[in-house]
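Below is one structure, written out as structure tokens; comments come after it.
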Amino acid sequence: MANSTIQWTYKNEFDNTVLSPFKSEFTITAPPATDIWRPAFDKDNFTAPFLYTTILTSKFVSMRVCVSGPWKTRYDQGGLVITFPVPGTGPLRWVKAGIEFEAGAPNLGVVATDRLSDWSLSPIADRQNEAEFELERDGMDLWVYVVESGVRRALRQVTWAFNEGVGEEIDVGLYAAKPTYEPEGTGGDGTLLVTFKGFRLITTDGELE
């Protein structure tokens, strides 16, 4: 493994402590009315807690994590994120992949945002509250995988990710979001606590630690 002095920080910190995600297990807490989502140019929402580090775009190979949580309110979510800052004044581009609660069950969710966001869902094997995701570069493309019993299954191919116009650096890391408020009388403080374990970040210099 490659030793690393990379720094981690939060965008939209909320009540979270900055730490290295390479530890065996950690959590991110998201307050309600937070999301990473751009359905229209006047609804550019990047308010979720996002623990990230910045690396050279040319060095990114892959990252992987197992995510779990007490999903119960519509759109509860958490997982991996890559943001692709656009040189100049262009809007931020990003891809997120993780679990998202919809239609009364957790799902495998992927959103890719070039100009506007799209959204896709796939069922989790056995409808569990936990899933492992991997984002991997393949030439100019970014592939999104779910890892089930050690076997990768492709969820999405994002062809614009590393194409012309991408900046020299990208931000990579993990997030939790809770777009919807819980109904009154459900108890708790209304936040979502998402657990991550087994985080791996691999660059052309090797696996960081």
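Derivation of every value follows stated rules applied to the coordinates shown; laboratory data play no part. Since we're looking at a predicted model, the values are computed, not measured. Counting neighbours? That spans all protein chains shown, and the Cβs are built from the backbone with ideal geometry, glycine included.
Miscellaneous remarks
- Cross-link table Lys96/Lys197; Lys11/Lys178; Lys43/Lys96; Lys72/Lys197, entries beyond 19 Å C-alpha to C-alpha: Lys72/Lys197
- In a fully extended conformation the segment linking Asp42 and Val18 would gain 5.6 nm over its present Cα-Cα distance, using 0.36 nm per residue.
- Global form of region 29-110, assessed from the alpha-carbon gyration tensor, a/c cut-off 1.5: oblate
- When Leu135, Leu80, Leu92 are arranged by Cβ crowding within 10 Å, least crowded first, meaning fewest neighbours, the order is Leu92, Leu80, Leu135.
- Residue by residue, region 152-161 carries 3J(HN,Hα) couplings of 7, 10, 5, 10, 7, 10, 10, 7, 8, 3 Hz when phi is fed to the Karplus relation 6.51 cos²θ - 1.76 cosθ + 1.60 (θ = phi - 60°); x denotes Gly or Pro.
- Cα gyration tensor, region 89-152 - rounded (a/c under 1.5), prolate or oblate: oblate
- Fewest-first ranking of Glu209, Glu164, using other Cβ atoms within 10 Å as the exposure measure: Glu164, Glu209
- Integer Hz, Karplus 6.51/-1.76/1.60 couplings in order for region 69-74, x for Gly and Pro: x, x, 5, 8, 10, 3
- Placing +1 on the Cβ of every Lys and Arg and -1 on the Cβ of every Asp and Glu, with no other charges, gives the chain a dipole of roughly 160 debye about its Cα centre.
- For the chain, convex hull of alpha carbons as volume per residue, Å³: 122
- R0 of 41 Å, Cβ-Cβ distance Glu169-Cys66: FRET efficiency to nearest 0.05: 0.95
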